[in-house]
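Below is one structure, written out as structure tokens; comments come after it.
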Amino acid sequence: MTAEFSVAAENPVDMDATPEAATPPQVLFVGGPEWADSAVEELRSVASVQRVESVADGCERLSSGHPDAVVVARSEDGVTAVSTLRADAADLPIVFCTDIGSESVARDVLAAGATDYVPFDTPDFGSYVRERTVEAAAEAAERVELERELRASEELHRVTLNNMTDTVLITDDEGKFTYVCPNVHFIFGYTEAEIRDLGSIDALLGDDLFEESELEKSGVLTNVECTATDKAGEEHTLLVNVREVSIQGGTTLYSCRDVTKRKQREESLTGLHRTTSELQYAETVQEIAHRVVDDADEILGCAASAVFRFDAETNRLEPVAHTPAMDRLYGPLPSFRPSEGNLIGRAFVTGEPLFFDDVHESPALSNPATDLRSVVVLSLGDHGVLVAGVDTVGAFDEVHSEIADLLATTAEAALDRVKRQSQLREQDRELQRRNERLVSLNRVNEIIREVDQSLIRAETREAVERAVCERLTAEDRYEFAWVGSIDPTSQTLVPRAASGTGRGYLDDRSLALDPEGEPACSTAATDEETLVSNVATDLQQQPWRRAALERDFQSVVAVPLSYDGVAYGVLTVYADRPAAFDGMVRTVMAELGETVASAISAVERKAALLTTAVTRVEYAVAGGSFPLARVAERADCTLSVVTGIQQTVEDDALFATVEGASMDAVRAAAADTAGIAEYRVVAGDDAAGTVWFRFVRPVIASRLANHGVVLRRAEATPTETLLEIDIPDGVELHSITQLLSGTFDAVELRSKRHREQPSGGEFTAAVLDRLTERQLEVVQTAYYAGYFENPRAHSGDEVADVLGVSPAAFYRHIRTVQRKLFAVLFEETEYSASIARDY
């Protein structure tokens, strides 16, 4: 025994080693009777054996190691030994051997925990113990491995069930729970125990989930949709698969999948699709904004929403639409600057979406008192910003983010479309306006061409005025047109010509000059254009409008007939439509007034050339811009114009005699007088002389000549200037007085008398027509220098020196003028015939 135990001590067995296929089983042999030695020897041939003598030693070994099997050899107290060892080796096979065997012993030890019973008298006892022990160890090892695998499988299923989102429930035929998945809290928020306390599946999923007959027929029902309420009171949309099973008393298996977010996304996308379809028909920014905020609750689940539109003129984001909930949670909406200093401006400037689980945590929040918590702020491109929110924290997830971006993109696209359509409509309107203006302008240009042709043919003022009125009303172009002139005595307009459907209109009107009166009277009083685009306005304040509307006059324009400071009257035109004279037509009408006035001036000049009857008028004038008056004042002398005015395209020139001052004084005064471009002393001494002046701009004589009026004499003294002019019959005296009043500060009519001009004007015109400007200047200078006197006051060389030319050039000009004068005198039929008769 001692030898056996020492061998065992020399070859200890590691009870903690894990058995493997190539490793012999480990056996703990408890007992030292000699009759059991054969069994020990047999075991050692196939296993690692550690033999101890007492049960106590065996329990100690069991506590420090884990053999694969235990063999107990006892002649007596076998039940106690097995019971004691089984307490420390609950899962190990125990083979009990005894040399005193009986059925009762076998029954007792097996009841005490032995797995096998081998009496000593069993044939080939040692081998049989070996076989039974090895088999028991193998069975135990296999059982342990199966249990380990089962535990691993159970752990895998436990982890899987705890982490999967689908929840599995099993019920019996009465609907009571027989199995509840550990992850049931993921969907329902309840613990496993709380689910069981609900009693039945109907309390959780409702009693109308499916028809029993359908399940019995098919055995399985898939994707049954239902709504369940979790522990917090929130509703979830579930897809449930139902299957018939038979598992531990359970007959029906329910697999529940939470599709709430997917359902929300589907519903949001459905709402977004409907909103997109409706936005296709929106025509204004306001309509789009109201549609977006109205649908934001359905699409995003946000009852509070608003749209801000960027106003480029004010550089502000202005609220254009919002829901009542936004008023309640935020308060009155202000406008915002497009700046990163506030949330609305930041989204607009950066174009980035802003999502807040709690907007109160943002330092850019402009209203800390707001009840909004979860907020989304989205850019709508260059159109503005969409903001939406709720009063709970953390209400938005990735689905909200995706749908919100889609809603903002859809709204931006709709706003882009409306902007493009608005631009196209504006372009169409502008094109239509341009076409209308073009048609109107073409019509007016046609009228102007016809008027111009009529004016060319007109021989008298009356014909000019009549022609313009008739052309304006021909072919129903305008309803009525008339021309009136001002009566300076009564200060009223006197109709001179009219055409159209409104002749009786003038009979009923007081045509007194009045800036606030009828358009023609207003223009006559102010000498400015008067436009009335809509006669129907201010009917009570201005009685003439009622009379005009009775004749279907809906718009009126009155333009002054003025040319070169002379007013010839007023042209007034009436149309049967509002705004007939707006835009370019108004400009053309004003130009037409100038054209008519110019035509009247032209026929009056022509008449002046053909008449010998004139009114000679003397005016005393003062002030103004007459250069000779300033020279006379500065030199303290009298200047008299002694010849007609030499007119060129750019300026005027004349000769004037000087009395009462030296030529040096006149030169000094002329040099300091603005308006005199050049001067030259032709002849003179210390007290008198003749001076040639050239002026910067045309003087009064040229303006009078434009109206057929001739300046016969002009005398400037230090105190006043006297003008003596001839006004042909047909030219109104008051218009010439008006022209002078516009030139001088003070105008006084001193005298007037009617006279007949001597004939011979045609001869003078014929001579002057043949002379060049330089030839006329040379001969006039020679004449006023006394060159043609006998004896000569100045020689030709002296006159040439005054003119700044060579003597040869001077004599050449004089001979040319003489030749042309004699040619007219002797070669022209009328004059030569007259001379022949006289001879």
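The values are calculated or read from the model by the stated rules, or taken from the named source; none is laboratory data. Here the structure is a predicted model, which is why all the values come from computation and not from measurement. Note: ideal-geometry Cβ built from the backbone for every residue, glycine included; neighbour counts use all protein chains shown.
Check off (1) crowded, with 18+ Cβ neighbours inside 10 Å; (2) over 30 Å from S662 (Cβ atoms); (3) at pLDDT 85 or above; (4) of a type outside the set (S, T, Y) for A602 and give me the number that stays unchecked.
Of everything listed in (1) crowded, with 18+ Cβ neighbours inside 10 Å; (2) over 30 Å from S662 (Cβ atoms); (3) at pLDDT 85 or above; (4) of a type outside the set (S, T, Y), A602 misses just condition (3).
Any idea how many residues of region 42-51 are buried (at least 19 other Cβ atoms within 10 Å of the Cβ) and either acidic (D, E) or outside any helix (DSSP H, G or I) (or both)? Walk me through how you get there before you give the answer.
Filtering region 42-51 for residues buried (at least 19 other Cβ atoms within 10 Å of the Cβ) gives 42-44, 47-51.
Now narrow it down to the ones that are either acidic (D, E) or outside any helix (DSSP H, G or I) (or both): 42, 47-51.
Of the residues in that region, 6 qualify.
What single numbered condition from (1) in contact with a strand residue (DSSP E or B) (Cβ under 6 Å, 6 or more places away or on another chain); (2) under 12 Å from E529 (Cα atoms); (3) in a strand (DSSP E or B); (4) not acidic (D, E) fails to hold for G593?
(3)
So that you can scan it fast, the table gives a plain yes or no per residue for (1) within 24 Å of D652 (Cβ to Cβ); (2) touching a Gly at 6+ places or on another chain (Cβ under 6 Å); (3) of a type outside the set (D, E, K, R); (4) at pLDDT 80 or above:
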residue: D729; (1), (2), (3), (4): no, no, no, no
residue: V767; (1), (2), (3), (4): yes, no, yes, no
residue: Y784; (1), (2), (3), (4): yes, no, yes, no
residue: N790; (1), (2), (3), (4): no, no, yes, yes
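Could you say whether any residue in region 233-240 is of a type in the set (A, V, I, L, M), in the same structural domain as L169 (by TED's automatic domain parsing) and out of contact with any Phe, Trp or Tyr (no Cβ under 8 Å at 6 or more places or on another chain)?
Looking for residues that are of a type in the set (A, V, I, L, M), in the same structural domain as L169 (by TED's automatic domain parsing) and out of contact with any Phe, Trp or Tyr (no Cβ under 8 Å at 6 or more places or on another chain), one finds at least one in region 233-240, hence yes.
Here is a list: E789, E798. Which entry is loosely packed, with under 13 Cβ neighbours inside 10 Å, over 22 Å from V710 (Cα atoms) and out of contact with any helix residue (DSSP H, G or I) (no Cβ under 6 Å at 6 or more places or on another chain)? Can you show your working first?
Numbers: E798 fails: loosely packed, with under 13 Cβ neighbours inside 10 Å.
Of the residues listed, the single one that is loosely packed, with under 13 Cβ neighbours inside 10 Å, over 22 Å from V710 (Cα atoms) and out of contact with any helix residue (DSSP H, G or I) (no Cβ under 6 Å at 6 or more places or on another chain) is E789.
Take F396 and tell me if it is within 30 Å of A558 (Cα to Cα) and among the aromatic types (F, W, Y).
Taking the combined requirement at face value, the residue does not satisfy it.
For region 342-381, name all the residues that are surrounded by fewer than 19 Cβ atoms within 10 Å (Cβ to Cβ) and aliphatic (A, V, I, L, M).
Residues of region 342-381 surrounded by fewer than 19 Cβ atoms within 10 Å (Cβ to Cβ): 349-353, 355, 357-358, 360-371, 381.
V349, A364, L365, A369 - these are the residues of region 342-381 that are surrounded by fewer than 19 Cβ atoms within 10 Å (Cβ to Cβ) and aliphatic (A, V, I, L, M).
Checking the structure you have, find out if any residue of region 462-482 is part of a helix (DSSP H, G or I), of a type in the set (K, R), within 27 Å of T737 (Cα to Cα) and not assigned by TED's automatic domain parsing to the domain that holds I736.
Step one: filter region 462-482 for residues part of a helix (DSSP H, G or I), giving 462-476.
Filter once more, so that each one left must be of a type in the set (K, R): 466, 471.
Narrowing the set further to residues that are within 27 Å of T737 (Cα to Cα) leaves 466.
So of that shortlist, the ones also not assigned by TED's automatic domain parsing to the domain that holds I736 come out as 466.
Yes, region 462-482 contains a residue that is part of a helix (DSSP H, G or I), of a type in the set (K, R), within 27 Å of T737 (Cα to Cα) and not assigned by TED's automatic domain parsing to the domain that holds I736.
Out of the residues in region 69-103 that are closer than 17 Å to R51 by Cβ and among the small types (G, A, S), which is farthest from the chain's Cα centre (by Cα)?
Selected residue: S75.
For I725, state whether it is among the aliphatic types (A, V, I, L, M) and in a helix (DSSP H, G or I). Break it down into steps so the answer makes sense when it comes.
Numbers: among the aliphatic types (A, V, I, L, M): yes; in a helix (DSSP H, G or I): no.
It is false that I725 is among the aliphatic types (A, V, I, L, M) and in a helix (DSSP H, G or I).
Given the criterion at pLDDT 90 or above and assigned by TED's automatic domain parsing to the domain that holds H707, identify the matching residue among A671, A653, A622, A677. Steps first, please.
On the way: A653 fails: at pLDDT 90 or above; A622 fails: at pLDDT 90 or above; A677 fails: at pLDDT 90 or above.
The match here is A671.
Could you say which residue among E194, E216 is surrounded by fewer than 18 Cβ atoms within 10 Å (Cβ to Cβ), in a helix (DSSP H, G or I) and at pLDDT 90 or above?
E194
Given the conditions (1) under 17 Å from G389 (Cβ atoms); (2) surrounded by fewer than 17 Cβ atoms within 10 Å (Cβ to Cβ), report the number of the one that C302 does not fulfil.
Failing condition for C302: (2).
For G233, all conditions in the list (1) surrounded by 12 or more Cβ atoms within 10 Å (Cβ to Cβ); (2) part of a loop (DSSP other than H, G, I, E, B) hold save one; what is the number of the exception?
It fails just one condition, (1).
Name the residue that is nearest to V375 (Cα to Cα), counting only residues in region 396-407 that are surrounded by fewer than 22 Cβ atoms within 10 Å (Cβ to Cβ) and at pLDDT 85 or above.
Applying the filter and picking the extreme gives D405.
Restricting to region 536-553, count the residues that are surrounded by 15 or more Cβ atoms within 10 Å (Cβ to Cβ) and either touching a residue at least 40 places away in the same chain (Cβ under 8 Å) or within 18 Å of C469 (Cα to Cα) (or both). First the steps, then the outcome.
Pass one, region 536-553, residues surrounded by 15 or more Cβ atoms within 10 Å (Cβ to Cβ): 542, 544-545, 547-548, 551-553.
Those still in the list that are either touching a residue at least 40 places away in the same chain (Cβ under 8 Å) or within 18 Å of C469 (Cα to Cα) (or both) too: 547-548, 551-553.
Looking only at that region, the number is 5.
Can you name the condition, by its number, that D295 falls short on among (1) touching a helix residue (DSSP H, G or I) at 6+ places or on another chain (Cβ under 7 Å); (2) modelled with pLDDT under 90; (3) more than 17 Å from L415 (Cα to Cα)?
Exception for D295: condition (3).
Might you check whether a residue that is over 30 Å from T717 (Cβ atoms), among the small types (G, A, S) and surrounded by 16 or more Cβ atoms within 10 Å (Cβ to Cβ) occurs anywhere in region 606-628?
Residues of region 606-628 over 30 Å from T717 (Cβ atoms): 606-607, 609-613.
When the remaining residues are screened for being among the small types (G, A, S), the result is 607, 613.
So of that shortlist, the ones also surrounded by 16 or more Cβ atoms within 10 Å (Cβ to Cβ) come out as 607.
Checked region 606-628: at least one residue is over 30 Å from T717 (Cβ atoms), among the small types (G, A, S) and surrounded by 16 or more Cβ atoms within 10 Å (Cβ to Cβ).
Please go through region 764-785 and give me each residue that is closer than 15 Å to V682 by Cα, in contact (Cβ under 8 Å) with a residue 40 or more places away in the chain and either not assigned by TED's automatic domain parsing to the domain that holds F822 or not β-branched (V, I, T) (or both), ordered by number.
First pass over region 764-785, keeping only residues closer than 15 Å to V682 by Cα: 776-785.
Okay, now just the ones that are also in contact (Cβ under 8 Å) with a residue 40 or more places away in the chain, so 776-777, 780-781, 784-785.
Passing the criteria: L776, E777, Q780, Y784, A785.
Output the number of residues of region 43-85 satisfying the condition of being among the charged types (D, E, K, R) and within 21 Å of I100 (Cβ to Cβ).
5
I need the full set of residues from region 351-387 which are in a loop (DSSP other than H, G, I, E, B), among the hydrophobic types (A, V, I, L, M, F, W, C) and either outside the structural domain of L407 (by TED's automatic domain parsing) or within 23 Å of the chain's Cα centre (by Cα) (or both), in order please. Talk me through it step by step, then tell me what you get.
Kept after step one, since they are in a loop (DSSP other than H, G, I, E, B), are these residues of region 351-387: 351-353, 357-358, 362-373, 380-383.
From what's left, among the hydrophobic types (A, V, I, L, M, F, W, C): 364-365, 369, 372, 380.
Within region 351-387, just L380 meets the criteria.
Give the residues of region 41-61 that are out of contact with any Phe, Trp or Tyr (no Cβ under 6 Å at 6 or more places or on another chain) and under 13 Å from A73 (Cα atoms), sorted by residue number.
Step one: filter region 41-61 for residues out of contact with any Phe, Trp or Tyr (no Cβ under 6 Å at 6 or more places or on another chain), giving 41-48, 50, 52-61.
Result: V52, E53, S54, V55, G58.
Out of all the residues in region 320-341, which are out of contact with any helix residue (DSSP H, G or I) (no Cβ under 9 Å at 6 or more places or on another chain) and either part of a helix (DSSP H, G or I) or surrounded by 20 or more Cβ atoms within 10 Å (Cβ to Cβ) (or both)?
P324, D327, R328, L329, Y330
Tally up the residues in region 298-316 that are under 25 Å from G345 (Cβ atoms), in contact with a helix residue (DSSP H, G or I) (Cβ under 7 Å, 6 or more places away or on another chain) and either of a type outside the set (S, T, Y) or outside any strand (DSSP E or B) (or both), please.
Within region 298-316, the first condition is being under 25 Å from G345 (Cβ atoms), and the residues that meet it are 299-300, 302-316.
Checking the rest, the ones that are also in contact with a helix residue (DSSP H, G or I) (Cβ under 7 Å, 6 or more places away or on another chain) come to 299-300, 302-310.
In the following step, the residues that additionally are either of a type outside the set (S, T, Y) or outside any strand (DSSP E or B) (or both) were identified as 299-300, 302-304, 306-310.
Looking only at that region, the number is 10.
Of the numbered conditions (1) within 30 Å of T275 (Cβ to Cβ); (2) surrounded by fewer than 17 Cβ atoms within 10 Å (Cβ to Cβ), V439 fails exactly one; give the number of that condition.
(1)
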